[in-house]
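Written below as structure tokens is the structure these notes are about.
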There are 2 protein chains.
Amino acid sequence: MRATDRPAAGARTREPAIARQPTENPSPIDADEPWMRGLHADTGYLLYRLGLRSGQAFNTFLQESGVRLRHYAVLRYLATSEGALQRELSTRLGYDPSAIVGLVDDLEKQDLAERRPSPDDRRSRIVVLTERGRTFLRDTDEAGLRVTNDLLAPLDPAERETLHALLLRVADRP
Amino acid sequence: MRATDRPAAGARTREPAIARQPTENPSPIDADEPWMRGLHADTGYLLYRLGLRSGQAFNTFLQESGVRLRHYAVLRYLATSEGALQRELSTRLGYDPSAIVGLVDDLEKQDLAERRPSPDDRRSRIVVLTERGRTFLRDTDEAGLRVTNDLLAPLDPAERETLHALLLRVADRP
DNA sequence: AACAACTATTGACGTCAACAATTATTGCTT
DNA sequence: AAGCAATAATTGTTGACGTCAATAGTTGTT
């Protein structure tokens, strides 16, 4: 990959370039200069954009359930760990501690999780799934998978597997 | 205010997990249940999370430049299309029309882009890059690539290529 | 006993996405 | 040509979200 070669490509005859009538413009990506490559040429931007789309898809799926993606993430994490300190939820899920407060509040209001005092440290609260939280996860699991499958529709199973593995590699480093 | 905490917390020793909330789906609790797989088992969630990380990385990179990721996206789009209606920016970039207004406002304030009246339709404005916008893209291009490279550090070039191709396939369907 | 570090919590501030409503303009219909 | 639906840009509002600062209660250390 070219690192620092940007040798005075200037002299771009500043064409006025108006009135393109671009209602159905098929993106003329003939980049004679590197800085004018399209947005989709950047993997980071693709990730950003697909992340938004994925989050939206998940949220609309969860919309009927009363919880949102962030709550769902907490629930799923609790399903694997069976009890977690709020501080742990914060660091593992990447949310601010102050955000965890509200999330657990909401989950408690819906009887999907509950706080228990920690026997070791009275500062800490241990958040655990309730029975209703468990059945909620069980009932929504299938539909949740469908959301992802929908998102990855253009890929065949093998490609999805590859994508997942690559994303995992990228993600696994705090 | 820690007055009334957990009133009747008496018999809560082990949670024998009897479904007192009879759902219409009486599936029993098996050993390894699918609904308790980790969050990272879901590609959609991985995308969501990496998208957030990518967006943050881009924003911190752009922070010094005075613009943010959304502005940068507009600029990059303008670099390829050389003039676009705000409505076009809205649909192609996925932002709400009302968001485009503020973005173009900001870009105009910094003399990175400007609105021009459309000769065909007086309702429309054509947004074009200014000369300063072009040099801005040219100057920040290299650092922008570095952000993505940093994000994809765990992957070798071939894997990045694969990932990019897969993401492109997923993204390309409006 | 005093003090620094930590956990959960609250509050404030700015960003951001999703909608509804408004203004100016266009195109269609009659 | 006059009325009317559709459209482009804009304004405003609402709620979600991330970040940071500050606080109360608690722990461990000195």
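Bear in mind that the values in this text are calculations on the coordinates, not laboratory data. Values in this document were obtained by computation on a predicted structure and should not be read as measured data. For neighbour counting, all protein chains shown are included, and Cβ atoms are generated from backbone atoms with ideal geometry for every residue, glycine included.
Couplings for the range B:97-107, taken from phi via the Karplus curve 6.51 cos²θ - 1.76 cosθ + 1.60 with θ = phi - 60°, read x, 5, 6, 4, 3, x, 4, 5, 4, 4, 5 Hz in order; Gly and Pro are left as x. Under 5 Å between amide hydrogens, built in the peptide plane, is the criterion, and for B:LEU85 it picks out B:VAL127 among residues at least 5 positions away or on other chains. Each Lys or Arg adds one and each Asp or Glu subtracts one; over the other residues with Cβ under 12 Å from the Cβ of A:GLN110, this totals -2. Placing a label point 7 Å from Cα along the Cα-to-Cβ direction at A:ARG92 gives distances to the equivalent points in the other copies of 4.4 nm, listed shortest first.
Legend: ranking of residues B:TYR48, B:TYR95 from fewest to most surrounding C-beta atoms inside 10 Å; resulting order B:TYR95, B:TYR48.
A cut-off of 5 Å between modelled amide H atoms, ignoring neighbours fewer than 5 places along the same chain, links B:ALA113 with B:GLU108, B:THR130. The listed peptides B:146-157, B:78-89, ordered by packing as a protection proxy, come out as B:78-89, B:146-157 (highest mean of other Cβ atoms within 10 Å first). Averaged over peptide A:53-59, the number of partner chain Cβ atoms lying within 10 Å of each residue's Cβ comes to 5. Here the Karplus curve 6.51 cos²θ - 1.76 cosθ + 1.60, taken at θ = phi - 60°, turns the phi angles of the range B:143-154 into couplings of 5, x, 4, 5, 4, 5, 4, 5, 5, 9, 3, x Hz, with x standing for Gly and Pro. With R₀ set to 25 Å, the beta-carbon distance separating A:THR80 from A:ASP172 gives a calculated FRET efficiency near 0.95. Kindly identify the range B:66-171 as rounded, prolate or oblate by the Cα gyration tensor criterion: order the square roots of the eigenvalues as a ≥ b ≥ c, call it rounded if a/c is under 1.5, otherwise compare a/b with b/c, prolate if a/b is larger, else oblate. Note, shape of the range B:66-171 comes out prolate. Position B:GLN110: other-copy label points at 3.8 nm, ordered by increasing distance, label point 7 Å along Cα→C-beta. Shielding by partners for peptide A:66-73, expressed as the average number of C-beta atoms from other protein chains within 10 Å of each residue's C-beta, is 1.
Using 0.36 nm per residue and subtracting the Cα-Cα separation, the extra length available between A:GLU161 and A:ARG123 on full extension is 9.5 nm. Between A:ALA99 and A:ALA143, the simple spin-label model (points 7 angstrom out along Cα→Cβ) gives 2.4 nm.
Across peptide B:74-80, the average count of Cβ atoms from other chains found within 10 Å of a residue's Cβ is 5.
Each residue of the range A:59-74 was assigned a 3J(HN,Hα) from its phi angle through the Karplus curve 6.51 cos²θ - 1.76 cosθ + 1.60 (θ = phi - 60°); the sequence is 5, 5, 5, 7, 3, 5, 7, x, 10, 10, 4, 5, 4, 4, 4, 4 Hz, with glycine and proline shown as x.
Dipole size of the range A:52-174 about its Cα centre, with +1 on Lys/Arg Cβ and -1 on Asp/Glu Cβ: approximately 380 debye, rounded to the nearest 20.
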